[in-house]
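Here the structure is laid out as structure tokens; the discussion comes afterwards.
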């Protein structure tokens, strides 16, 4: 019978899942991010599928996307949700008799999530067993619950203590912006929209619609093919001059570290921001106190030695530090338990009340409902407010 | 054409370019390589430009040193002759054409397999399974490094430490990018090897994936291309 492993963060759910998988090894594993979801041995989507495909089909294929159309793409260039769907597709074509999923389904849009859960729930009939960790679900019907209760206090966080200083964020204008990846379809085509400070905006759209791409454009990681950005009506090109407006918390926290230890990361970011006269730079002591609120007590902590859940929380540090007037959270609740999600929603509300602008992406409707926000819909290469 | 034929052809061309000592022989090897590229029935301009791009920095450096500063060819120096800049230019040209042929031969070989995935190409090679696995792992490492570069750039640009477009800031902080890339490579590798690979026995699946190719070891087209190289070598030998 399929097993649902429940419990708060740091209760040992991931360890329990790995023990379950090892007992039935070889078994398929879908971890929270690409390095633990995909094999890493394939240069293309077609090769990823070829590695896992068994000689004879042993169960119906789970094919939520048209993988043939992206067969030549490199797996890491897929969006987070698409990578999870690819992993599930590979499992469905393989001859593994067991699959374990560690919070990865939290990255899926509602329809894909329902489809994936439906497929996994039919495991008994299809000859496979499944174990699942998911913070947004109660135990699904037909699954066997396994409740873990203990919780380590080493990384306990206290988001209630966080209150960023008041701020007057600029109005963001995006005008006639177009963007596409080389050889790909239009992600944005002559897009216009305007973001007001003191508001929270939720970007919505299916997996692969371009939500993370929009974040990267606003932060200057990507540059548009045409069009541009304005701040209070003045032209702003972060891809040329450097990002000084948007504090970004990435979907995968490991995409935002600038050093090996927290101290190194803070020093490098502070040195970069010190060049900008408009930025009120927080002191190291302030940042260390904020890190402690997020569960990391020492700035000498090696970032990559932290548990993933703790790294994810620490990724909120700069958006919550108040150094930059706009904050962007990409799937901030991934891997976070109910209590932490509610506390984060409260802090984001505080940010907007203090004058910051917030843009966030989440497939977690319950979390979004806790934040007063305006939806932004990404569809057909346009942004609709 | 089969992957084995392409590898044999490319190695033969590379050997021919390395052994060629005069412009005529090099011209023959270059012509054969160009015909091989055109034989892929794909546009070869990109491959030509890429190969030229690799050679140009070397050509500029060697031109400055041998033509501009030394002013004589190495053979003239060895023979204690007065020498000339024309001889030095000919020496530089031979070296650069050789490198161009090597770069283009590899590009042209891949043009013949433009619709293939890397796994299919490696699977089609007549090599021991362990060699094929090592090739796949090498490609995987290259992809991991590229992925790490993308991640590290995202982190440093979003933090305002570097910029997307070229800037002095990027030159000053390039070492941070290098350090971040390697940290990221290690993190990605650990993420795979700690949980995913052991529990799935992922590497063992490569045996099946690489063994599925039923292509013949050498085809008629391979023999035709190899015969062309042999004919070229015979012509070059006869002209000596």
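The values are calculated or read from the model by the stated rules, or taken from the named source; none is laboratory data. Bear in mind the structure is a predicted one, so any value in this text is a computation, not a measurement. In this analysis, Cβ positions are derived from the backbone assuming ideal geometry, glycine residues included, and neighbour counts consider all displayed protein chains.
Quick look at the numbers
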item: Members of region A:267-282 that are within 15 Å of residue A:320 (Cβ to Cβ) and away from chain B (no Cβ under 13 Å); result: A:280, A:282
item: Unique match (being farther than 11 Å from residue B:104 by Cβ and either without any contact (Cβ under 8 Å) to a residue 12 or more places away in the chain or outside any helix (DSSP H, G or I) (or both)) among B:11, B:58; result: B:11
item: Residue B:25 vs. criteria buried (at least 16 other Cβ atoms within 10 Å of the Cβ) and at pLDDT below 90; result: yes
item: Hits in region A:283-318 - residues which are within 11 Å of another protein chain (Cβ to nearest Cβ) and in contact (Cβ under 8 Å) with a residue 12 or more places away in the chain; result: A:302, A:303, A:304, A:308, A:311, A:315, A:318
item: Among residues of region A:203-213, those that are assigned to a strand (DSSP E or B) and surrounded by fewer than 21 Cβ atoms within 10 Å (Cβ to Cβ), counted; result: 1
item: Residue check for residue B:65: within 18 Å of the chain's Cα centre (by Cα) and either surrounded by fewer than 20 Cβ atoms within 10 Å (Cβ to Cβ) or in contact (Cβ under 8 Å) with a residue 12 or more places away in the chain (or both); result: no
item: Enumeration of residues in region A:106-134 that are assigned to a loop (DSSP other than H, G, I, E, B) and closer than 16 Å to residue A:84 by Cα; result: A:108, A:109, A:134
item: Residues that are part of a loop (DSSP other than H, G, I, E, B), surrounded by fewer than 12 Cβ atoms within 10 Å (Cβ to Cβ) and touching a residue at least 60 places away in the same chain (Cβ under 8 Å), drawn from region A:157-193; result: A:158, A:166, A:168, A:185
item: Count - residues of region A:223-240 that are at the interface with chain B (Cβ under 7 Å from one of its Cβ atoms) and either within 19 Å of residue A:183 (Cβ to Cβ) or surrounded by fewer than 20 Cβ atoms within 10 Å (Cβ to Cβ) (or both); result: 2
item: Residue A:212 within 20 Å of the chain's Cα centre (by Cα) and more than 9 Å from chain B (Cβ to nearest Cβ); result: yes
item: Criterion violated by residue A:260 - all others in (1) more than 7 Å from chain B (Cβ to nearest Cβ); (2) surrounded by fewer than 23 Cβ atoms within 10 Å (Cβ to Cβ); (3) touching a residue at least 40 places away in the same chain (Cβ under 8 Å) satisfied; result: (1)
item: Strands (runs of 3 or more DSSP E) completely within region A:1-105 that count 3 or more residues being touching a residue at least 60 places away in the same chain (Cβ under 8 Å), touching a helix residue (DSSP H, G or I) at 6+ places or on another chain (Cβ under 6 Å) and within 12 Å of another protein chain (Cβ to nearest Cβ); result: A:28-30, A:98-102
item: Filtered residues of region B:171-213 (kept if more than 21 Å from residue A:40 (Cβ to Cβ) and either assigned by TED's automatic domain parsing to the domain that holds residue B:37 or in contact (Cβ under 8 Å) with a residue 24 or more places away in the chain (or both)); result: B:177, B:213
item: Check on residue A:129, in contact (Cβ under 8 Å) with a residue 12 or more places away in the chain, over 30 Å from residue A:351 (Cβ atoms) and exposed (fewer than 15 other Cβ atoms within 10 Å of the Cβ); result: no
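Condition check ((1) over 19 Å from residue A:42 (Cβ atoms); (2) without any contact (Cβ under 8 Å) to a residue 24 or more places away in the chain) across all residues:
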{"site": "B:126", "(1), (2)": "yes, no"}
{"site": "B:144", "(1), (2)": "no, no"}
{"site": "B:157", "(1), (2)": "yes, yes"}
{"site": "B:161", "(1), (2)": "yes, yes"}
